[in-house]
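First comes the structure, then the notes that go with it.
Computed from the coordinates by the stated procedures, all read-outs in this text should not be read as laboratory data. Here the structure is a predicted model, which means the values were calculated and not measured. In this analysis, Cβ positions are derived from the backbone assuming ideal geometry, glycine residues included, and neighbour counts consider all displayed protein chains.
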Protein chains: 2
Amino acid sequence: MKIIELKETITASNDRDAEVLRNRLADSKCLLINLMASPGAGKTTLLERTIKDLNGRYRIGIIEADIDSDVDARRLSLLGVKAVQAHTDGMCHMDAGMTKTALEELGFDDLDLIFLENVGNLICPAEFDTGAGRNVMILSVPEGDDKPLKYPLMFTKSDVLLITKIDTKSVFDFDFDKCRERAKKLNPDITIFEVSAKTGEGMEAWLEWLTGQTDQWI
Amino acid sequence: MKIIELKETITASNDRDAEVLRNRLADSKCLLINLMASPGAGKTTLLERTIKDLNGRYRIGIIEADIDSDVDARRLSLLGVKAVQAHTDGMCHMDAGMTKTALEELGFDDLDLIFLENVGNLICPAEFDTGAGRNVMILSVPEGDDKPLKYPLMFTKSDVLLITKIDTKSVFDFDFDKCRERAKKLNPDITIFEVSAKTGEGMEAWLEWLTGQTDQWI
């Protein structure tokens with residue numbers, strides 16, 4: 001079996017824009033969390049549960065980035081949070097410029113915490129700094145414990161790994177120890193939580209981390 | 001709730017290269033199938049089962065495209081098929097040029113059927129013609145029935161939609177009728193199969209389609 005290398009250098013031209021945006025958010029005492037995952041990993045369901053469980057503790061905003069449709073933003077705006085839908089029109093990720101446009105449309109002077117639900121994609125979003133204060137990724141149990149081996153950059157760039165849909169673990173072969181070990185090997189500083197947004201299992205630890213970050217920021 | 005459009009035109013500069021490659025494969029009586037799906041949808045497991053069930057009927061080659069690692073190519077080469085691993089080194093999709101490089105490395109004069117397992121991504125691979133004779137996509141039950149709404153191009157570009165992991169349907173809310181309807185609305189010509197590579201349910205219909213395509217090609 002042969003291995004062929006198909007090289008390409010990834011440009012990171014938007015890093016400066018991201019830094020400017022991050023400083024603007026910090027000045028406004030607003031924490032932006034960039035939430036990344038595969039399609040169907042359950043980003044919106046996790047956000048729904050998180051917003052409900054935070055129970056009005058923060059003034060929350062949501063940017064829903066999608067190639068098309070507005071189903072997710074409509075779902076979340078039912079919870080009484082400020083939400084905008086950002087259409088990327090085919091683009092597979094959000095960058096700092098797109099995030100800035102969406103943030104200005106949302107307005108963040110009156111917000112403490114903003115979740116950017118990035119485009120469903122385990123690859124490209126990891127390559128572009130959005131200006132977020134924290135990067136959080138989701139890996140759902142049905143996707144398998146080998147994902148750190150195949151999509152290493154996402155694990156390297158994330159501050160938090162949420163292993164979700166743990167309520168389904170009886171029907172999938174998912175080795176939690178192996179997954180943790182693989183993620184930690186790529187990124188020793190990554191914080192890992194195991195949660196089910198459906199049953200609520202494990203949500204307390206994730207919320208504790210979240211309020212720890214947000215309280216120190218605002 | 002506001003909707004913001006973040007436009008970008010997707011270039012399709014590799015279409016001519018793809019056409020040349022498609023003609024070369026046709027001249028060699030070799031069918032290339034481009035298999036696309038999200039990370040963790042079960043592409044490799046489906047290929048494994050498909051190769052086993054074809055039971056030596058064709059001379060099969062495999063191109064495993066991944067950002068990193070070679071776990072999938074190693075898994076499939078155990079089945080006695082000719083396999084190469086193509087490392088995209090961060091690139092989120094395969095294009096015609098990369099496919100040509102991998103095909104030349106694999107060699108296809110002595111093959112009837114080649115599966116290109118594209119990078120796990122429901123967005124970018126749909127934008128680049130690889131030169132394949134047929135495009136096949138997988139949507140697994142855990143990902144949800146709303147994916148045609150969010151990733152329309154993938155459904156538009158695929159000849160076949162394989163709804164997989166149907167053995168797990170009891171633990172997920174997946175509306176098969178709605179999913180079919182949404183996919184058909186985007187692409188009335190798409191052929192849809194429901195399968196489980198684990199239990200074998202539904203595999204016969206998929207294999208029948210596959211041999212129908214391959215037999216007319218070779």
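Place +1 on the Cβ of every Lys and Arg and -1 on the Cβ of every Asp and Glu in segment A:74-140, take the dipole about the Cα centre, and give the residue among A:Ala83, A:Ala132, A:Leu106 whose Cα lies farthest towards its positive end. Ranked along the dipole, the leading option is A:Ala83. With a cut-off of 12 Å between beta carbons, the residues surrounding B:Leu21 carry a summed charge of -3, where Lys and Arg count +1 and Asp and Glu -1. Quick check: from the Cα gyration tensor, does chain B come out rounded (a/c under 1.5), prolate or oblate? Oblate is the answer for chain B, as a/c is 1.5 or above yet b/c matches or exceeds a/b.
Overall form of segment B:95-218: prolate. Here a/c, set by the Cα gyration tensor axes a ≥ b ≥ c, is 1.5 or more, and a/b is the larger of a/b and b/c.
Close amide-amide hydrogen proximity is noted between B:Ser140 and B:Thr164, each under 5 Å apart and 5 or more residues distant or on a separate chain (H modeled in the peptide plane; Pro and chain starts excluded). Each label point was placed 7 Å from the Cα along the Cα-to-Cβ direction; for B:Leu79 and A:Val71 their separation is 3.1 nm. Chain B versus the axis that turns it onto chain A: the residue with the nearest Cβ and the distance in whole Å amount to B:Pro142, 2. For the pair A:Asp53 and B:Asn55, label points projected 7 Å from Cα toward Cβ lie 5.0 nm apart. Across segment A:126-137, computed HN-Hα scalar couplings (Karplus, 6.51 cos²θ - 1.76 cosθ + 1.60, θ = phi - 60°) run 5, 8, 10, 5, 8, x, 5, x, 9, 10, 10, 10 Hz from first to last residue, x flagging Gly and Pro.
Is the shape of the protein assembly as shown best called rounded, prolate or oblate, per the rule: a/c under 1.5 gives rounded, else a/b larger than b/c gives prolate, else oblate, with a ≥ b ≥ c the square roots of the Cα gyration tensor eigenvalues? Because a/c hits 1.5 or more and a/b exceeds b/c, the protein assembly as shown counts as prolate. Taking Cα centre as origin and charging only the Cβ of basic (Lys, Arg, +1) and acidic (Asp, Glu, -1) residues, the dipole magnitude of segment A:15-217 rounds to 280 debye. Listed by chain and number, the lysines placed with their C-alpha closer than 25 angstrom to that of A:Lys100 are A:Lys29, A:Lys43, A:Lys82, A:Lys157, B:Lys2, B:Lys7, B:Lys150; residues fewer than eight positions away on the same chain are left out. Each residue of segment B:199-211 is assigned a 3J(HN,Hα), and the resulting list reads 8, x, 4, x, 5, 4, 5, 5, 5, 5, 4, 4, 5 Hz, derived from the Karplus form 6.51 cos²θ - 1.76 cosθ + 1.60 (θ = phi - 60°), x at Gly and Pro. Here the simple spin-label model places points 7 Å from the Cα toward Cβ, and for B:Thr191 and A:Asp110 these points are separated by 5.6 nm.
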